[in-house]
Structure formats: structure tokens, C-alpha cells
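Structure record follows, encoded as C-alpha cells.
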Amino acid sequence: MRYTVLTLFPRLVQPWTEEALLAKAIQRGLIEIRVRDIRDYAHDKHRQVDDYPYGGGAGMVLRPDVVVEAIEDQLPADEVILLTPAGEPFDQPMAEELAAKEHLILVSGRYEGIDARVENFVTREVSIGDFVLMGGEVAALAVIEATARLVPGVLGDPESYRLDSFSWGLLDYPQYTRPPEFRGLKVPEVLTSGHHGKVAEWRRREALRRTLERRPDLLEGAELSKQDRAWLEMLREGEEKG
Ligand code: JF5
């Protein structure tokens with residue numbers, strides 16, 4: 001998998017790629033991350049990339065010629081993705097779809113926005129959430145983080161991505177490690193019992209409990225067994241009684 005990040009702040013993005021799992025994946029040749037400065041595509045000696053908005057108003061707008069020439073210089077790509085709060089919401093299924101591609105170009109806007117004509121030169125616009133960042137860099141890195149871990153070999157143990165939150169369509173079950181008691185808080189007994197079947201059942205129930213409490217919206221899209229539905233029914237009844 002190759003990623004090309006187009007940004008006005010390459011020095012913000014580059015260091016993120018030089019640590020931890022991303023660095024290891026690059027070193028192993030599993031992924032490649034190119035970071036390119038949009039300003040290198042400016043036309044004038046002052047390297048101007050933005051200008052005043054037509055129609056007036058506050059702030060500056062990124063020029064379409066500069067941004068589109070930066071994109072075109074990095075083609076071909078399977079996807080050209082503009083990060084913007086106005087985009088399609090990013091989620092795990094989209095991460096899985098993108099992780100199967102060979103080259104993603106990620107375009108990070110800054111300032112008050114990008115000239116709307118750039119939309120005609122991207123394959124999709126993506127939002128990582130309903131908030132406004134100061135620029136698309138963190139959103140581009142979020143897309144890289146979410147997709148690179150799905151590239152075969154990037155995570156050591158393939159179990160760790162099959163079993164995590166959202167691969168079930170549910171939130172993760174709670175995890176515990178040593179010590180067995182911390183400031184009066186004990187590890188649930190079932191986890192130290194050695195009964196693998198009981199552990200699996202408890203984890204599934206706790207994942208359902210957490211999802212019901214924190215993100216009931218996720219239950220509609222989750223794959224639920226008859227047993228799951230029975231537990232949820234019990235949990236909901238328990239909730240009603242306080
Ligand atoms: C940006 C105009 C881009 O704020 C974001 C963002 C939020 N979710 N996903 C992306 O990107 C930066 C801000 C304003 C265009």
C-alpha cells in the first residue's frame with residue numbers, strides 16, 4: 001500500500017510516520033508513505049497557495065490550480081481523498097475498503113477552505129467526525145492509521161484485528177492485566193478461572209453491555225445471535241428497574 005499526503009505542513013505529518021507500527025511497516029516494505037508540500041506547486045516566486053474568497057468574507061481559500069497540479073503530479077492513484085468535515089463519514093467498513101487499494105492520495109486542506117472546483121478532481125471527500133480541525137493533516141493520519149493496520153503483516157497477530165471493536169460491530173469487551181487487585185478494584189473472577197468457554201461468553205456479554213450503554217446506535221448494524229438478543233433483553237429490563 002502506498003499513501004501520498006498532500007499538505008502545507010509536511011513537517012507535521014512526516015514525524016508521525018517515523019515511529020511505532022507505521023515506521024516498522026515502512027521498514028518491512030509493507031507500506032510506503034510519501035509526504036508532499038502543496039506549496040511546491042505554487043506558481044509565483046512568493047509561493048502563494050491561497051487567495052481571497054470571491055463574494056467576500058473572512059479568511060483565505062486554497063487555489064484550485066495549485067492543489068490540482070499537486071494531485072496530478074502524484075497520479076495514478078486508486079483514490080484521491082479530500083479530508084473535510086463536509087465529507088462522507090469515515091468508519092471501519094470504509095477503512096476496510098480503502099485498505100485493499102494500492103495507492104491513496106490524501107489531500108489536507110487548511111485555512112478557511114479549498115476552492116470548490118477541486119471536488120471535480122478527487123474520487124471522494126471523507127470526514128473523520130463532526131468537528132472542525134485547523135487542517136486536514138490529523139484526519140489524513142487517522143485514515144492512514146485505520147487502514148495501514150488492516151494491511152496484511154502490519155499487525156503481528158492477525159487475531160488482534162479480527163477480535164477488536166467494530167470487527168464484531170460492537171464495542172470491545174473490557175481488558176485486564178496484572179495486578180489482580182489495584183486500589184481495591186479486583187479483576188473479574190471468570191478471567192482467572194481458566195474456563196475458556198466461560199471467558200468467551202463473559203466477554204461477549206460485556207461487549208453487548210458496553211455497546212448498549214455507550215453506543216446503542218451500533219446495535220442496529222451488529223450481527224447478533226439469539227443468545228445475544230436474549231442477553232440484551234435482560235440488560236434492558238435490568239436498566240428499567242434501575
Ligand atoms: C478542514 C475545511 C478541511 O476539519 C477537518 C475534518 C473534520 N473531519 N474530517 C476532516 O478537516 C480540515 C477544515 C475546514 C476543509
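Read the figures in this text as sums done on the coordinates, not as results from a lab. The structure displayed is predicted, hence computed values, not measured ones. Cβ atoms come from the backbone with ideal geometry, glycine included; neighbour counts cover every protein chain shown.
Brief remarks on what is shown
- You can think of it this way: the chain between Arg2 and Leu21 has 5.3 nm of extra reach, that is 0.36 nm per residue less the Cα-Cα gap.
- Note that region 22-127, at 37 °C in a medium of 0.692 mPa s, gets a Stokes-Einstein diffusion coefficient of 215 µm²/s from its Kirkwood radius over C-alpha pairs.
- Hydrodynamic radius of the chain by the Kirkwood approach over all distinct alpha-carbon pairs: 20.9 Å.
- Summarising the strand pairing of the chain, around 15 percent of its internal DSSP beta bridges are antiparallel.
- Computed log10 I(q)/I(0) for region 181-241 at 0.13, 0.26, 0.28 Å⁻¹: -0.43, -1.10, -1.15, from the Debye equation with unit scatterers placed on every C-alpha and solvent omitted.
- Looking at region 97-206, the trypsin sites (Lys or Arg not before Pro) that sit in a DSSP loop and have at most 16 other Cβ atoms within 10 Å of their own Cβ are Lys101, Arg183.
- Sites matching chymotrypsin sites (Phe, Trp or Tyr not before Pro) across region 23-128 that sit in DSSP coil, with at most 16 neighbouring C-beta atoms within 10 Å: Tyr54, Tyr111
- For Ile114, the shell of other residues with beta-carbons less than 11 Å away shows a net charge of -2, using +1 for Lys and Arg and -1 for Asp and Glu.
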